[in-house]
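This report concerns only the one structure given below.
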Amino acid sequence: MAIEVRAAGRRVFRLSRQLGPEGVCLGKPAPFEPGRPVEICFRLPDGDDALTLRARLEEDTRDLTLIEAPTEARQALAAYVARRLGLPYV
């Protein structure tokens, strides 16, 4: 899935390798400073609206940990992962 990563007036697009309610792993590193807060924007394949969330770029600049993500966004991500894996979502 395509992920837009924005910080300091710059933006890049990366494909995700993993996605879940705690964060995102990108296929290629993002060219921003580790530890820096960034904004990510993406649309779940079965969703109507784009999700725009705050995240922190970890030392491995492919890993993004969600910061203060709304409960609804985390639930949407968990439900999406469960559907993709064929698991029941409670």
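The values are calculated or read from the model by the stated rules, or taken from the named source; none is laboratory data. Note that this is a predicted model, so its numbers are computed, not measured. So basically every Cβ, Gly included, is an ideal-geometry build from the backbone, and we count neighbours across all protein chains shown. Remember, those area values only see protein heavy atoms, side chains included, never the ligands or the DNA or RNA. Shrake-Rupley method; radii C 1.70, N 1.55, O 1.52, S 1.80 Å.
Could you estimate the translational diffusion coefficient of the chain from the Stokes-Einstein equation, with Rh from the Kirkwood formula over C-alpha pairs, at 25 °C and 0.890 mPa s, in whole µm²/s?
After rounding, the answer is 186 µm²/s.
List the residues whose amide H sits under 5 Å from the amide H of Gly23, counting only those 5 or more places along or on another chain, with H placed 1.01 Å from N in the peptide plane.
Leu66
Which value in deg cm²/dmol, rounded to the nearest 500, describes the helix-derived mean residue ellipticity at 222 nm for the chain, given -39,500 (n - 2.57) per DSSP H run of n ≥ 4 and division by the residue count?
Taken over the chain, the calculation gives -5500 deg cm²/dmol.
About the Cα centre, and with charges only on the beta carbon of Lys, Arg (+1) and Asp, Glu (-1), how big is the dipole of the chain? Nearest 20 debye, please.
280
May I ask for the net charge around Arg74, where only other residues with Cβ less than 11 Å from the Cβ of Arg74 are counted and Lys, Arg are +1 while Asp, Glu are -1?
Net local charge, Arg74 excluded: -3.
Could you calculate the contour length gain from Cys41 to Leu87, that is, 0.36 nm times the residue separation minus the distance between their Cα atoms, to one decimal place in nm?
Full extension of this stretch gives 14.0 nm more.
Quick query: amide H of Arg36 versus all other amide H atoms, modeled in the peptide plane; which residues come in under 5 Å with a sequence gap of 5 or more or a different chain?
Leu57
Could you derive backbone 3J(HN,Hα) for segment 67-77 from the dihedral phi with the Karplus parameters 6.51, -1.76 and 1.60 (θ = phi - 60°), listing whole Hz in sequence and x where the residue is Gly or Pro?
With coefficients 6.51, -1.76 and 1.60, one gets 10, 6, 6, x, 4, 4, 5, 4, 5, 4, 5 Hz.
What number comes out for accessible area per residue over segment 38-90 if the probe is 1.4 Å? Units Å², please. Walk me through the numbers on the way to the answer.
Numbers: 3340 Å² over 53 residues.
Per residue, segment 38-90 has an accessible area of 63 Å².
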